[in-house]
There are 2 protein chains.
Amino acid sequence: MLKKERQAYILHNINLHNRLLVGDLSIEIKVSEDTIRRDLQELSDHGKLIKVHGGALSKSFHNSFNSASIYSIESKKIIAQKAASIIKDGMFVHTTGGTTIIEMAKALPESLHATFITGSVPAAFEYMLHPNIEIILIGDKLSKTSQITVGGSAISSIKDIRADLCILGINAFDLQHGLTDNDWDIVQVKKAMIESSEKLVLLTISEKLNTSQRIRICETKEVDILITELAPTSDILTQFIKEGIEVL
Amino acid sequence: MLKKERQAYILHNINLHNRLLVGDLSIEIKVSEDTIRRDLQELSDHGKLIKVHGGALSKSFHNSFNSASIYSIESKKIIAQKAASIIKDGMFVHTTGGTTIIEMAKALPESLHATFITGSVPAAFEYMLHPNIEIILIGDKLSKTSQITVGGSAISSIKDIRADLCILGINAFDLQHGLTDNDWDIVQVKKAMIESSEKLVLLTISEKLNTSQRIRICETKEVDILITELAPTSDILTQFIKEGIEVL
DNA sequence: TAATTAATTGCGGTTTTATGCAATATTAAA
DNA sequence: TTTAATATTGCATAAAACCGCAATTAATTA
């Protein structure tokens with residue numbers, strides 16, 4: 001049994017029974033207790049479970065100290081944290097499915113009661129792990145490159161749902177060209193999402209700012225909030241603030 | 001064996017068994033372990049699999065331990081193989097998203113060109129890993145317990161698509177009560193899938209045969225093909241053959 | 001086609017990782 | 001407090017991964 005498999009088995013087990021004993025597990029999968037302990041240590045370091053004397057406990061029991069924010073050095077995690085903070089109970093939120101959005105989904109607090117609308121399979125997967133989030137899946141033909149549904153049916157479904165926020169992980173944004181992308185189908189979907197939402201929120205790492213691509217999604221003035229890994233006081237961001245965009 | 005062939009072989013293998021060991025594979029296809037490692041590195045770089053110490057794991061690995069207990073997983077793989085064999089190029093196939101279906105998705109040959117229609121997030125995930133499969137995702141409210149979309153909109157979308165096969169992973173089936181289940185929403189979805197397909201195929205481990213639950217999905221005579229882990233000559237299956245069901 | 005270039009592969013030596021064992025320290029329960 | 005169970009630590013060993021190199025093979029170009 002490979003180490004990763006063993007750890008997956010441990011996680012599965014602990015999510016099922018909420019607790020486990022080192023001794024039991026050692027016999028069950030025929031490795032020394034030391035190895036189990038080391039696995040538990042590692043999983044605990046990654047915040048997947050709580051290690052205690054004699055075994056481990058599921059995180060869902062003791063989730064008071066959610067380690068998510070402690071370790072978030074990485075840009076996307078910073079963005080995710082900021083984005084998660086603007087979503088309030090009861091909101092309806094349109095989202096796409098880029099890596100930044102996935103990070104955001106992971107960063108959502110367990111207490112949040114909200115409804116997410118998405119055509120992205122990996123995003124739906126993340127949302128499903130949260131206890132209090134309702135998910136509306138947008139159906140249509142699934143684009144394999146982007147792992148999101150695209151097409152007329154998807155667009156009309158999106159337009160049926162009036163949301164509070166539209167949170168987009170983006171590819172390119174500058175003042176002159178506005179929000180742009182390079183995939184026609186995705187652009188159509190994003191346009192529909194923007195249309196049927198009150199506020200438009202962009203998530204992006206700063207290096208995508210001041211770049212542009214071929215197809216326009218919307219103009220600069222339609223953007224309400226811009227979230228990057230940088231502090232709002234950062235030089236690159238002042239131009240956007242001048243245009244009336246709220247920068248977090 | 002050429003590099004491309006070898007890598008294709010590796011991918012096929014890993015999608016089938018979820019895991020592989022460098023040593024095993026080295027012996028199996030008679031190249032050095034270094035070569036295997038380099039292949040795995042490359043495939044890992046392209047996101048086709050997850051490389052770990054000692055071997056590699058399938059990308060869909062995190063689902064593999066989730067609900068299937070180890071003992072029935074072998075049965076499900078046998079079922080998956082048989083099911084995969086009845087799907088031909090060009091077919092449209094309605095599927096649900098149980099563990100058996102997931103196994104089937106993993107067992108589909110890379111060469112298969114077909115279109116799968118599903119409201120299941122994990123199933124969609126699996127289908128996405130295959131190069132030649134088109135996916136139509138059924139949208140609606142996502143049920144967290146079953147990880148599948150349910151509701152009126154899902155049902156009407158399903159009815160819009162006339163398929164060749166409807167492949168259901170099932171909960172209970174006996175001659176007297178027919179096909180039954182215990183979740184109202186899921187039953188409605190399955191009914192719609194059956195209605196809009198030419199043939200109805202059931203996948204199940206044999207222990208679910210001759211059991212029944214509260215809500216009827218369809219009658220015995222509507223079932224075309226039954227697939228279990230047992231040989232078609234097995235005693236338990238003769239009763240179904242007598243009813244005119246094709247048993248694989 | 002021949003010659004050159006690039007890619008692929010296997011091998012030896014080195015480094016890293018995984019794991020078990022034993023000695024010691026810590027914890028928790030009687 | 002005493003005692004039995006559990007953790008920690010350092011160490012040994014085997015397996016696996018990595019690195020550079022040379023031999024081979026495939027692809028490109030003259």
Across the range B:154-184, the tally of residues that are surrounded by 18 or more Cβ atoms within 10 Å (Cβ to Cβ) and under 27 Å from B:Ala114 (Cα atoms) stands at 13
Filter the range A:124-150 for residues that are buried (at least 22 other Cβ atoms within 10 Å of the Cβ) and of a type in the set (Ser, Thr, Tyr); the one that is modelled with the lowest pLDDT is A:Tyr127
Could you check, for the range B:178-185, whether at least one of its residues is at the interface with another protein chain (Cβ under 9 Å from one of its Cβ atoms) and not small (Gly, Ala, Ser)? no
A careful count of residues in the range A:90-111 that are of a type in the set (Gly, Ala, Ser), in contact with a helix residue (DSSP H, G or I) (Cβ under 6 Å, 6 or more places away or on another chain) and over 13 Å from A:Ile167 (Cα atoms) gives 1
Matching residues in the range B:1-16 (in contact (Cβ under 8 Å) with a residue 24 or more places away in the chain and either within 12 Å of DNA strand D (Cβ to nearest atom) or not charged (D, E, K, R) (or both)) number 10
Scanning the range B:131-159 residue by residue, those facing another protein chain (nearest Cβ under 9 Å) and either assigned to a helix (DSSP H, G or I) or over 17 Å from B:Asp183 (Cβ atoms) (or both) turn out to be B:Pro131, B:Ile133, B:Glu134, B:Ile135, B:Ile136, B:Leu137, B:Gly139, B:Ser153, B:Ala154, B:Ser157
When the range A:214-238 is checked residue by residue, the ones that are surrounded by 15 or more Cβ atoms within 10 Å (Cβ to Cβ) and of a type in the set (S, T, N, Q) are A:Thr220, A:Thr228
Going through the range A:128-168 in order, the residues found to be in contact (Cβ under 8 Å) with a residue 40 or more places away in the chain and of a type in the set (Asp, Glu) are A:Asp164
Those residues of the range A:182-201 that are touching a Lys or Arg at 6+ places or on another chain (Cβ under 6 Å) and at pLDDT 95 or above come to a total of 2
By residue number, the members of the range B:1-18 that are among the aliphatic types (A, V, I, L, M) and either within 18 Å of B:Glu103 (Cα to Cα) or near DNA strand C (Cβ under 8 Å from one of its atoms) (or both) are B:Met1, B:Leu2, B:Ile10, B:Leu11, B:Ile14, B:Leu16
Pairs returned, first residue in the range B:36-54 that is more than 13 Å from every other protein chain (Cβ to nearest Cβ), second residue that is within 8 Å of DNA strand C (Cβ to nearest atom) and of a type in the set (A, V, I, L, M), beta-carbon separation under 9 angstrom, 6 or more apart or interchain, are B:Asp39/B:Val31
- Assess whether A:Thr211 counts as being crowded, with 18+ Cβ neighbours inside 10 Å, of a type in the set (Ser, Thr, Tyr) and away from chain B (no Cβ under 14 Å). no
Wholly inside the range A:1-113, strands (runs of 3 or more DSSP E) that include 3 or more residues that are surrounded by 13 or more Cβ atoms within 10 Å (Cβ to Cβ) and at pLDDT 80 or above are A:49-52, A:55-58, A:92-95
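The values are calculated or read from the model by the stated rules, or taken from the named source; none is laboratory data. Quick caveat: nothing in here was measured; it's all calculated off a predicted structure. Every residue, glycine among them, receives a Cβ derived from its backbone with ideal geometry; neighbour counts consider all protein chains shown.
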